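Participant: Let me give you the structure first, and then I'll get to my questions.
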Amino acid sequence: MNKKRKLGRGVAMVGAGMSKFDMFTDRDSKDLFAEAFLQMGDSVDKGLDPNDIDALYIGNFTNDFFAHQSHWGAILSDSLGLIPKPATRVEGACASSALAFREGVFAIASGFYDVVLVGGVEDMSKGNTETVAEGLALAASPYERKAGFTFPGIFAAIATAYFEKYGASREDLMNITIKSHDNAPLNPKAQYQVTIREMMGAKIKRAKEKGGAVPDWSDEKDFLRDPIANPTIAWPLHLFDCCPISDGAACILLVGEEIAKHFTDEPLYVAGIGQASGRGLNAADDLTYFEATRSAAKEAYQMSGLTPADIQFAEVHDCFSIVELLHMEDLGFFEPGESYKAVADGLTRLDGPKPINTSGGLKCKGHPVGATGAAQLIEVWEQLRNKAGNRGVPIEGLRIGAAHNLGGTGGTCTFTILERR
Amino acid sequence: MVDRPISDYQFERFLEKEKLMGARCTACGTLFVPPRAICTQCHGSAMEWVETKGEGKLAAFTCIAIGPPAMIEEGYNRNNPYCTGAVELAEGPRVVARIEGVDTLRPETIKIGMPLKVAFLRRGTGEDLRIVLGFTPVDDCCG
Ligand SMILES: [Zn+2]
C-alpha cells in the first residue's frame with residue numbers, strides 16, 4: 001500500500017491557457033474551450049502545430065445535466081479541428097480536470113503518446129440557482145441527498161464539527177474570504193474583481209445616492225456579519241463563504257520530458273501526482289479532515305521526495321471557506337487545528353510565507369467545476385514562470401508549487417506538485 | 001425478516017416499519033448503518049440484519065436556508081430553515097439524517113454531542129408517502 005510510485009517517463013507542462021471565468025449569457029462550453037485552447041497554443045514559446053497533438057483528455061462534470069448535451073470529449077475535439085485525435089471525457093465531479101491532467105500524464109509516462117492536450121470545461125450559469133444546486137448535489141452520496149443535504153450544507157456540517165473540536169468560529173472563516181477577495185482583483189481571469197472593502201464602498205455610495213440609510217460597517221468583518229449583506233446559506237456558512245456559479249474552460253499541453261525543450265526553454269515538470277477516493281459524511285473516518293486529501297498528498301509527497309515545507313505556494317480547493325482550512329491541514333502545511341490561526345496571522349496571504357490561492361481561489365476566481373482542476377494548475381504555471389503580474393508570489397527563487405483539487409464532498413481528491421528545474 | 005437481502009432498498013422498507021436496521025459482518029462483527037453488502041474492514045460478504053436502538057448523539061449539523069426543490073416543496077425556506085446532520089449511533093456507526101425538534105432560526109442553541117433519538121418522518125401522502133430518517137433531541141421526545 002505504501003509503495004513509492006514513479007512515472008515510467010518524465011512529463012513536462014509546456015503550454016497553458018484559460019478563458020475568463022464568469023457567468024456568460026452568450027457563450028457556451030465550445031466557445032470557452034476554444035478560447036482556452038487558442039490561448040494555450042499562443043503560450044507555447046516555440047510554437048505548437050495542432051497536428052502534433054496525439055490525444056485529448058477533457059474534464060467535465062455534468063454538461064449532460066447543465067446543458068443537456070453529453071459526449072463532450074469527441075464533440076469538443078471536433079470543435080477544435082482535432083478529428084480524428086482520440087478524445088476522452090473524464091469525470092470526477094469538481095476534480096474532473098485534475099483527473100484529466102493525471103490521465104494525460106499517465107498516457108505520456110507510458111510512452112504511448114508524446115503530446116497530450118488536457119483540460120476541462122463547465123457551462124453552469126444558464127439554469128437558475130436551484131437547478132445549479134441540484135446539479136452539484138448529484139455528486140453527493142445518495143444518503144446525503146435523502147437527508148436533505150445541499151452542497152453548502154455538507155461543508156457547513158463539517159464546519160460545525162471542526163469548530164467544536166478546535167475552537168474556531170465563523171470569524172475565522174471571514175479571514176479566508178477577505179484574503180481571496182484581496183487576491184482576485186490582481187487576476188484578470190477572476191470572476192470577482194473587487195475586494196470586500198471596495199464592495200463596501202460601492203454599497204455605501206449607492207445608499208448615499210439613493211438617500212436611504214447608509215450602512216456604518218466599521219470594517220470588513222463587520223460587513224460580513226451583516227445578515228442583509230451576507231445572508232445565511234447553510235448555517236454556519238453564509239453567502240461570502242461560498243464560491244459563485246461560473247462558466248469557464250482551461251487547457252494545458254503536456255509532453256514527454258525529453259522533448260519539452262522543443263516547445264519551451266522554461267518547461268515545468270510533474271514532480272508528484274496523487275489521487276485518492278474518500279467516503280461521505282456517514283462513513284468518513286472523521287468529519288474534521290478529508291481522508292482522500294491526506295492519501296493523495298501522501299502519494300504525491302512520496303513520489304516527489306518533497307515535504308509540505310518544500311511547497312512554496314499552493315492552490316487549495318476552497319469551494320467553501322471552511323474547506324480551505326481543513327485542506328491546508330490535510331496537505332501538511334499546518335498541524336490539525338492550527339490552520340485557522342495561521343490564516344489569522346496572515347501566513348497564507350500573498351506576501352506571507354505560504355501564499356494560498358493567489359488566483360483568488362474558487363471563491364473569487366470562480367468555480368466552473370469541470371475546469372477548476374486544470375485552472376488551478378495554470379495558476380501554478382503562471383507563478384512559476386513569473387507570468388502572474390501583480391499577484392506574483394514575492395518569494396526569491398520560486399521553484400515549487402502545487403494544486404489540490406477536491407471532487408464531490410471529498411469523494412475524489414488530487415494533489416499535484418509542479419517544479420521548475 | 002432476517003432473510004431480506006442486504007440493500008438500501010430493504011433498509012428503506014425497514015424504515016417504513018419504523019426500524020433503523022444495520023448490517024453486521026458475521027466474520028468480523030463490524031456494523032454498518034446504512035447496510036453494506038461487502039465489509040469495509042475484512043471484505044467479507046456474509047452480513048446479517050441487526051436492529052439498532054435508534055439512539056445517538058449529534059456529530060455535525062447545518063441549518064439550511066436555501067434547500068433543494070424537494071425541501072422547498074415541504075415548505076422550507078430562508079425564514080423557515082431545516083436542520084440536517086450526522087448522528088453517531090450508540091452502536092458506533094454514523095448516519096446522516098434530518099434533525100427535527102430543534103430551533104433552526106437559532107442554530108447556536110443546537111449543540112454537538114446532544115443526545116438524540118430516532119424519528120421516522122412521514123412525508124407526502126398516498127402513493128408519494130415515504131419515510132425519511134430523522135432524529136430528535138431526547139428531552140423533547142415523547143419518549
Ligand atoms: Zn468484516
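The values are calculated or read from the model by the stated rules, or taken from the named source; none is laboratory data. Since the structure is predicted, the reported quantities are computational estimates derived from the model, not experimental observations. In this analysis, Cβ positions are derived from the backbone assuming ideal geometry, glycine residues included, and neighbour counts consider all displayed protein chains.
Okay, residues lined up against (1) in contact with a Cys (Cβ under 6 Å, 6 or more places away or on another chain); (2) among the aliphatic types (A, V, I, L, M); (3) at the interface with chain A (Cβ under 10 Å from one of its Cβ atoms):
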| residue | (1), (2), (3) |
| --- | --- |
| B:72 | no, yes, yes |
| B:77 | no, no, no |
| B:97 | no, yes, yes |
| B:102 | yes, yes, no |
| B:107 | yes, no, yes |
| B:115 | no, no, no |
| B:118 | no, yes, no |
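Participant: Which one is farthest from residue B:23 (Cα to Cα) among residues in segment B:43-70 that are at the interface with another protein chain (Cβ under 8 Å from one of its Cβ atoms) and out of contact with any strand residue (DSSP E or B) (no Cβ under 8 Å at 6 or more places or on another chain)?
Facilitator: B:69
Participant: Let me ask something else about it. If you take the residues of segment B:33-46 that are near the ligand (Cβ under 9 Å from one of its atoms), touching a residue at least 12 places away in the same chain (Cβ under 8 Å) and not polar (S, T, N, Q), which of them is surrounded by the fewest Cβ atoms within 10 Å (Cβ to Cβ)?
Facilitator: Checked segment B:33-46; the qualifying residue surrounded by the fewest Cβ atoms within 10 Å (Cβ to Cβ) is B:46.
Participant: Right, another one. Kindly indicate whether residue A:189 is among the charged types (D, E, K, R) and either touching a residue at least 60 places away in the same chain (Cβ under 8 Å) or crowded, with 18+ Cβ neighbours inside 10 Å (or both).
Facilitator: Yes: the conditions hold for residue A:189.
Participant: Now for a different question. Condition first: surrounded by fewer than 19 Cβ atoms within 10 Å (Cβ to Cβ), modelled with pLDDT of 95 or more and within 15 Å of the ligand (Cβ to nearest atom). Can you find one or more residues in segment B:49-58 that meet it?
Facilitator: Yes: one or more hits.
Participant: Of all residues in segment B:16-32, how many are in contact (Cβ under 8 Å) with a residue 24 or more places away in the chain, within 16 Å of the ligand (Cβ to nearest atom) and within 14 Å of chain A (Cβ to nearest Cβ)?
Facilitator: Adding up the residues that qualify gives 4.
Participant: Of the conditions (1) more than 16 Å from the ligand (Cβ to nearest atom); (2) at pLDDT 95 or above, residue B:67 satisfies every one except a single condition; which number is it?
Facilitator: (2)
Participant: So residue B:13 passes all but one of these: (1) without any contact (Cβ under 8 Å) to a residue 60 or more places away in the chain; (2) within 20 Å of the chain's Cα centre (by Cα); (3) within 16 Å of the ligand (Cβ to nearest atom). Which condition number does it fail?
Facilitator: (3)
Participant: Show the residue pairs that are 6+ apart or on different chains and have beta-carbon atoms under 7 Å apart, the first residue being within segment A:366-387 and touching a residue at least 40 places away in the same chain (Cβ under 8 Å) and over 17 Å from residue A:188 (Cβ atoms), the second being assigned to a helix (DSSP H, G or I) and among the aromatic types (Phe, Trp, Tyr).
Facilitator: Cβ pairs passing all conditions: A:373/A:101; A:374/A:101; A:377/A:101.
Participant: Taking residue B:106, is it in contact with a Pro (Cβ under 9 Å, 6 or more places away or on another chain) and more than 16 Å from the ligand (Cβ to nearest atom)?
Facilitator: no
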